[in-house]
Amino acid sequence: MAVYALTGFSLVSLLSFGYMSWDWMKPNILGNAAMEAREKPGLAASSRPPHIIFILTDDQGYHDVGYHGSDIETPTLDRLAAEGVKLENYYIQPICTPSRSQLITGRYQIHTGLQHSIIRPRQPNCLPLNQVTLPQKLQEAGYSTHMVGKWHLGFYKKECLPTRRGFDTFLGSLTGNVDYYRYDNCDGPGVCGYDLHEGENVAWDQSGKYSTLLYAQRVRRILATHSPQEPIFIYVAFQAVHTPLQSPKEYIYRYRAMGNVARRKYAAMVTCMDEAVKNITWALKKYGYYDNSLIVFSTDNGGQTFSGGSNWPLRGRKGTYWEGGVRGIGFVHSPLIKRKRRTSRALIHITDWYPTLVTLAGGNLSDTEGLDGYNVWPAISEGKVSPRTEILHNIDPLYNLAKSGSFEEGQGIWNTAVQASIRMGDWKLLTGDPGYSDWIPPQTLTNFPGSWWNLERLTDGVRKSIWLFNISRDPYERYDLSEQRPDVVRSLLKRLVYYNRTAIPVRYPAEDPRGNPEFNGGAWGPWASEEEDWEEERDGLLKNKNRKKKCKICKLRSFFRKLNTRLMSNRI
């Protein structure tokens with residue numbers, strides 16, 4: 001896709017104030033506010049809630065960071081991770097909406113009804129309004145809360161917007177896939193609209209600015225105008241490095257020797273994002289936040305291998321429940337960490353950030369029941385044992401049922417045709433269709449290791465619907481032990497049955513034609529009026545109280561209701 005030129009935001013103007021040349025490693029770069037805080041009693045960093053900067057990247061593969069042996073340059077991420085704690089047993093979800101929902105709520109997908117696919121732009125669906133979000137809990141603890149970047153948690157009505165879910169300010173996109181310069185997004189032929197918002201208004205004037213640079217600049221402005229003596233939470237959800245593959249030309253030039261065009265553009269986007277993180281960290285230092293700050297870095301899912309990403313040597317890719325889809329890049333960088341410069345093998349999941357960050361902020365979790373996350377700060381900061389011993393990757397009853405699966409194969413307690421995956425201790429179980437299962441090396445390599453190729457070809461065409469791996473010994477999922485260890489299989493199947501009994505039905509309503517941007521001034525945004533009073537039904541579907549008795553989509557909704565009820569019964 002063509003790279004569009006910056007308009008009204010030139011590279012020369014950026015360089016003129018040092019935006020791309022800040023040296024955040026200089027020891028004398030701290031601002032006056034930080035020096036004053038050190039001199040005043042009672043304002044020591046250890047006695048104040050930490051400033052929290054949570055950085056989430058989009059579709060960045062496990063292999064696509066320098067310290068994982070990548071051919072992509074990420075000096076900032078490498079340095080921050082090396083000086084902090086690398087999380088090397090860290091799990092996310094295989095696609096966008098599920099990871100973001102679990103981060104924001106601290107709950108598994110099965111407990112929010114978002115266990116199937118992403119939220120589509122025209123769906124009357126969003127993060128359940130009865131969920132108290134992470135930024136709302138931080139607001140209760142006295143934090144100023146800000147979001148910059150990609151939302152992708154629904155927006156059909158204003159109550160679903162970031163500014164109604166706990167964020168004081170918002171600059172970013174509501175949908176999941178926009179142009180990096182023009183901010184256009186198409187959800188099918190002819191269904192296109194502009195998607196960049198400032199608060200609850202369309203930010204038409206920001207068009208032409210490359211999103212990665214725009215978002216980093218916004219974070220800098222927030223920090224410059226806020227007092228470092230007051231706690232702040234900034235959620236930076238970069239659009240990078242999701243498609244479309246677009247980057248400023250100077251970054252592409254660095255990788256001109258790469259033969260694979262998609263990989264070249266992708267690498268440029270990663271490096272640009274790395275420099276944006278550098279500039280955010282520099283701003284934390286300049287304006288006096290750094291000494292009492294916590295930087296969390298996480299990817300949202302595995303890399304999309306046919307769009308330049310790489311999860312090597314893990315199996316699978318984005319959208320799958322193989323390790324390549326659910327094992328994420330993660331690290332924590334902070335002066336507040338007690339044991340720095342190390343690698344943690346503690347089992348951590350994206351739901352754990354909710355209780356961990358709220359606890360660090362001095363917030364109250366006593367009134368928040370049903371969390372699936374754990375406070376893992378002692379494991380991160382001090383190297384203690386993680387309180388987490390298992391992870392439910394997901395149960396999706398609406399995904400294509402595996403043709404070879406059966407209730408009998410599931411030892412009479414689980415239908416192995418249903419897509420599901422769970423990790424318990426060293427063991428990982430997958431049922432149904434877990435997604436594309438190949439091992440894909442970085443696209444810049446010319447020779448594929450023969451042993452790996454032969455291994456995958458041996459399993460090619462074999463109809464299976466249940467797999468078992470010892471992930472600790474076999475992190476690349478090469479050796480299926482389901483036949484050798486039926487006892488372990490049964491134990492994990494029982495855990496799936498347990499979790500399934502706690503699940504709420506899938507929230508995946510039919511698309512609403514009123515969501516088309518042509519009915520909303522050419523931009524994506526809320527379309528359901530407040531008077532319609534949409535609410536969640538007991539069965540998890542969305543219903544319009546004022547709808548007419550005869551409507552075109554009633555039958556379809558009824559069909560999904562019956563399908564959900566049947567599939568979510570104890571016999572799946």
> With (1) at pLDDT below 95; (2) surrounded by 15 or more Cβ atoms within 10 Å (Cβ to Cβ); (3) farther than 22 Å from TYR499 by Cα as the list, and GLY405 as the residue in question, which single condition is left unmet?
Replying inline: (3)
>> Can you pull out every residue in the stretch 278-308 that is more than 22 Å from SER101 (Cβ to Cβ) and part of a loop (DSSP other than H, G, I, E, B)?
In response: TYR287, GLY288, TYR289, GLY308
> Which ones in the stretch 353-385 are out of contact with any His (no Cβ under 9 Å at 6 or more places or on another chain), under 18 Å from GLY328 (Cα atoms) and among the small types (Gly, Ala, Ser)?
Replying inline: ALA379
> Among the residues of the stretch 312-325, is there at least one that is buried (at least 24 other Cβ atoms within 10 Å of the Cβ) and assigned to a strand (DSSP E or B)?
Replying inline: yes
>> Looking at the stretch 469-480, I want the residues that are polar (S, T, N, Q) and surrounded by fewer than 17 Cβ atoms within 10 Å (Cβ to Cβ) and have a partner that is assigned to a loop (DSSP other than H, G, I, E, B) and modelled with pLDDT of 95 or more with Cβ atoms under 7 Å, at least 6 apart or on another chain. Which pairs are those?
In response: ASN470/ASP426; ASN470/LEU481; SER472/ASP426
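Being crowded, with 20+ Cβ neighbours inside 10 Å and either among the hydrophobic types (A, V, I, L, M, F, W, C) or more than 19 Å from LEU392 (Cβ to Cβ) (or both) narrows it down to one of THR133, THR97, so name that one. If you could, list the steps in order and put the result at the bottom.
On the way: THR97 fails: either among the hydrophobic types (A, V, I, L, M, F, W, C) or more than 19 Å from LEU392 (Cβ to Cβ) (or both).
Checking each option against the conditions leaves just THR133.
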> Just checking, how many residues over the stretch 401-430 are in a strand (DSSP E or B) and either in contact with a Gly (Cβ under 7 Å, 6 or more places away or on another chain) or over 22 Å from VAL488 (Cα atoms) (or both)?
Replying inline: 2
>> under 25 Å from CYS192 (Cβ atoms) and buried (at least 20 other Cβ atoms within 10 Å of the Cβ): which single residue out of ILE119, ILE110 fits that description?
In response: ILE119
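To keep it simple, each residue is scored yes or no on (1) open to solvent by 30 Å² or more (accessible area, probe 1.4 Å); (2) modelled with pLDDT under 95; (3) over 23 Å from PRO135 (Cα atoms); (4) within 12 Å of the chain's Cα centre (by Cα).
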| residue | (1), (2), (3), (4) |
| --- | --- |
| SER46 | yes, yes, no, no |
| PRO50 | no, no, no, no |
| LEU56 | no, no, no, yes |
| GLU83 | yes, no, yes, no |
| TYR90 | no, no, no, no |
> Any idea which of PRO98, PRO94 is closer than 19 Å to LEU371 by Cβ and modelled with pLDDT of 95 or more?
Replying inline: PRO98
> Residues in the stretch 282-304: is at least one open to solvent by 10 Å² or more (accessible area, probe 1.4 Å) and closer than 17 Å to LYS318 by Cβ?
Replying inline: yes
>> Just to check your reading of the model, which residue among ALA267, ALA216 is among the small types (Gly, Ala, Ser), open to solvent by less than 10 Å² (accessible area, probe 1.4 Å), over 21 Å from ASN311 (Cβ atoms) and part of a helix (DSSP H, G or I)?
In response: ALA216
>> Every residue in the stretch 191-207 that is surrounded by fewer than 19 Cβ atoms within 10 Å (Cβ to Cβ) and either basic (Lys, Arg) or assigned to a loop (DSSP other than H, G, I, E, B) (or both), please.
In response: VAL191, GLY199, GLU200, SER207
>> Being open to solvent by less than 10 Å² (accessible area, probe 1.4 Å), free of Cβ contacts under 8 Å to residues at least 40 places away in the same chain and either not assigned by the TED database to the domain that holds LEU284 or not in a strand (DSSP E or B) (or both) narrows it down to one residue among LEU77, LEU127; which is it?
In response: LEU127
> Looking at (1) assigned to a loop (DSSP other than H, G, I, E, B); (2) at pLDDT 95 or above; (3) not β-branched (Val, Ile, Thr), can you tell me which one GLY188 breaks?
Replying inline: (2)
>> Looking at the stretch 331-344, can you tell me whether even one residue there is within 26 Å of ARG48 (Cα to Cα), hydrophobic (A, V, I, L, M, F, W, C), modelled with pLDDT of 95 or more and open to solvent by 30 Å² or more (accessible area, probe 1.4 Å)?
In response: yes
> Assuming PHE170 fulfils every condition listed in (1) part of a loop (DSSP other than H, G, I, E, B); (2) open to solvent by less than 10 Å² (accessible area, probe 1.4 Å); (3) touching a helix residue (DSSP H, G or I) at 6+ places or on another chain (Cβ under 8 Å); (4) not polar (S, T, N, Q) apart from one, which condition is it?
Replying inline: (1)
> From the list GLN217, GLN229, which residue is at pLDDT 95 or above and in contact with an Asp or Glu (Cβ under 9 Å, 6 or more places away or on another chain)?
Replying inline: GLN229
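For every residue, the table says whether it meets (1) more than 26 Å from PRO98 (Cβ to Cβ); (2) in contact (Cβ under 8 Å) with a residue 12 or more places away in the chain; (3) touching a Phe, Trp or Tyr at 6+ places or on another chain (Cβ under 6 Å); (4) of a type outside the set (A, V, I, L, M, F, W, C).
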position: GLY362; (1), (2), (3), (4): yes, yes, no, yes
position: LEU371; (1), (2), (3), (4): no, yes, no, no
position: TYR374; (1), (2), (3), (4): no, yes, no, yes
position: GLY383; (1), (2), (3), (4): yes, yes, no, yes
position: THR389; (1), (2), (3), (4): no, yes, no, yes
position: PRO397; (1), (2), (3), (4): no, yes, no, yes
position: ASN400; (1), (2), (3), (4): no, yes, no, yes
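The values are calculated or read from the model by the stated rules, or taken from the named source; none is laboratory data. Computed from a predicted structure; not experimentally measured. Backbone-built Cβ (ideal geometry, glycine too); neighbour counts: all protein chains shown. Please note that ligands, DNA and RNA were not included when accessible areas were found on the heavy atoms of the full protein model with its side chains. Shrake-Rupley method; radii C 1.70, N 1.55, O 1.52, S 1.80 Å.
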